[in-house]
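The structure appears below as structure tokens.
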Amino acid sequence: MELFESLNARATDLLGPAAPLFIVAGLGLLLLLIAIPLMLSQKPDPMEKLKQQGTRKTENNAKAVLRERAKNDKLNRYAQFLEPQNEKELGTVRLKLMQAGYASKEAVRYYYFLQAALGLLGLGLGTLYYSLALGDDKTTTDMLLYVLGPGAAGYYFPKYWVTRRAEERKQQIQDGFPDALDMMLVCVEAGQSMDQSIIRIAKELRPSFPFLAEEFQIVSHEMKAGKDKAAVLSDMSERCDVQDISSFVTVLNQSATFGTSIADALRVYASEMRDKRVMRAEEKANKLPTKMTLTTMMLTVPPLLIILVGPSVVGIMNLGN
């Protein structure tokens with residue numbers, strides 16, 4: 001008992017009043033670091049291996065399954081921890097990642113893994129800084145600021161990154177969509193089919209609008225695979241989350257339903273998109289003077305007051321002396 005009291009007193013002198021908390025957190029982190037390599041080096045279940053071998057139909061398919069399993073085996077073991085168990089929440093996160101451009105099969109697992117890893121890393125670095133860099137005058141506010149702050153920042157950084165990337169991607173798709181419509185109209189009027197025009201657009205737009213070109217390329221691949229054209233275009237609208245593309249999909253579906261000319265529909269809609277782009281540019285230009293007013297006042301009024309009032313203030317102070 002005296003040994004524990006002496007160790008506690010020594011730890012308190014070294015780390016401060018929160019020494020027991022740091023010791024417990026350090027032991028927990030150490031156990032976690034020891035457990036992760038042991039779990040990763042765990043051998044696969046023989047029954048699972050036999051089940052996978054039983055579902056293989058051809059030798060080529062078996063090789064593809066083995067390559068896929070070797071690539072994602074480590075994440076598949078922790079799927080129940082790295083994916084939401086609620087199907088609705090899983091679909092929401094997957095759609096958000098797809099709108100940000102992360103459409104791979106393992107995107108959701110990587111997203112939650114990065115959240116957990118960066119949160120623990122920030123928590124560990126904050127605890128280390130709080131223990132070593134700060135002096136003896138440690139308060140609860142300092143602990144919350146330097147320990148929990150980096151952990152929360154690391155946890156929410158993937159969410160911030162995905163949200164920002166989704167907004168940038170949406171803006172680029174919106175800016176490049178009128179040019180894509182004009183190019184599609186030219187291709188259709190030149191005698192190409194809708195599928196051929198989409199392939200050509202995906203190729204031509206890649207240098208200037210890579211996100212939009214990637215969406216058209218996905219559409220072309222899905223059409224080649226035999227998926228229904230209306231479903232393919234609806235999926236594109238859902239991935240892009242842009243109102244212009246949703247309206248475009250509606251126009252194409254209605255044109256295919258009623259049997260009207262696609263070229264005529266594209267001509268009218270492309271003209272509307274060009275006008276809409278000009279209106280957006282004019283709207284931004286009209287907002288600019290309002291945004292510059294406050295900045296202009298902050299940068300011009302204080303120096304002007306100093307120039308006008310400063311000499312008078314100095315003169316009054318000299319008269320008083």
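Every number here is computed from the coordinates shown, using simple stated rules; none is lab data. On a predicted model such as this, the values are computed, not experimentally measured, just so you know. Glycine gets a Cβ as well: all are built from the backbone with ideal geometry, and neighbour counts include every protein chain shown.
Some observations on this one:
- Site pair Val314 and Met279 shows an inter-label distance of 5.7 nm when each label is modelled 7 Å from Cα along Cα→Cβ.
- Rg ratio (alpha-carbon, reference 2.2 N^0.38 Å) - the stretch 176-238: 1.04
- Extension gain from Asp195 to Thr250, taking 0.36 nm per residue of separation minus the Cα-Cα distance: 18.1 nm
- Simple rule: put +1 on each Lys or Arg Cβ and -1 on each Asp or Glu Cβ in the stretch 170-277, find the dipole, and look at Ala225, Val268, Gln172; the Cα lying farthest toward the positive end is Ala225.
- Subset of Lys96/Lys291; Lys203/Lys224; Lys96/Lys227; Lys96/Lys224; Lys96/Lys159 violating a 20 Å alpha-carbon distance limit: Lys96/Lys291; Lys96/Lys227; Lys96/Lys224
- Classified by the C-alpha gyration tensor, the stretch 170-277 has a rounded form. Its axis ratio a/c, with a ≥ b ≥ c, is below 1.5.
- Calculated FRET efficiency, Leu120 to Thr293, Cβ-Cβ distance, R0 = 41 Å: about 0.30 to the nearest 0.05.
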